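The values are calculated or read from the model by the stated rules, or taken from the named source; none is laboratory data. Keep in mind that what you see is a predicted model, and the values were worked out from it rather than measured. Here the Cβ positions follow ideal geometry from the backbone for every residue, glycine too, while neighbour counts run over all protein chains shown.
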Amino acid sequence: MDINQEKDTSKPNNLKKNRQTLVLLFVMFITPVALAYAAYFGNWFSGPGGAQGDLVSADLVTDIEDYDFIRQDGSKITGKEFETLYWWIVPINPDTCDEACAKLNLYTVNQVFAGLGKEASRIKELAILPTGFHGYKDDFPHATSEFTSNGVEALRESQKKATHDLEANYIYLVDPLGNIFMRYPFIKDKNDAPILGRKLRKDILHLYKYSRLG
């Protein structure tokens, strides 16, 4: 058989294998997240077992890359760093949440994180701290940022979906594709910490159940 003919017949096989690989990747990584979305936005958890946080309406869900996250050293947190994992993002406005308030909410999130055990490897925490807030890096070592009093600024130069800053004093849940789709208001009373902790834990475990990432 002619060598050139062998090469020609191998091309369709390679294309077929490439397509199969893409389909497999889609099934492995995209479908689980889609199922988790269907579970929440499709009201699979309506009633007492429903979502504990405030769902962002489907038409207002924004991408993490729509916002400008800057580390204290001046480097940007890129969208790539948010891929494949869930995130809790905690922007703080010092005008309406002092250091005691910040510590209470960050401590609550961190306690839930620690209580997840081996499942904690599937989620990360990001505290977005204003200038002058210190002593949080041990609990939130992944990244910290300075930000305006209005919260995390949307990327004004982009043509992306975000049309407003990310409002501060909420705990945001971000999916492995970078979508910000749920939030929980800050608490001011330490007696409310167990309630907030249960909400955070229940939602993330429900999402783990319907996705198989990690």
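The figures follow:
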item	result
Selected residue (criterion: nearest to the chain's Cα centre (by Cα)) from residues of segment 69-101 that are under 15 Å from Tyr184 (Cβ atoms) and of a type outside the set (Ser, Thr, Tyr)	Trp87
Residues that are among the aromatic types (Phe, Trp, Tyr) and at pLDDT 70 or above, drawn from segment 42-91	Tyr67, Phe69, Phe82, Tyr86, Trp87, Trp88
Options Glu157, Glu125; residue that is at pLDDT below 90, in contact with a Phe, Trp or Tyr (Cβ under 6 Å, 6 or more places away or on another chain) and either in the same structural domain as Leu60 (by the TED database) or farther than 23 Å from Leu85 by Cα (or both)	Glu125
Flag for Gly214 being modelled with pLDDT under 70 and surrounded by fewer than 20 Cβ atoms within 10 Å (Cβ to Cβ)	yes
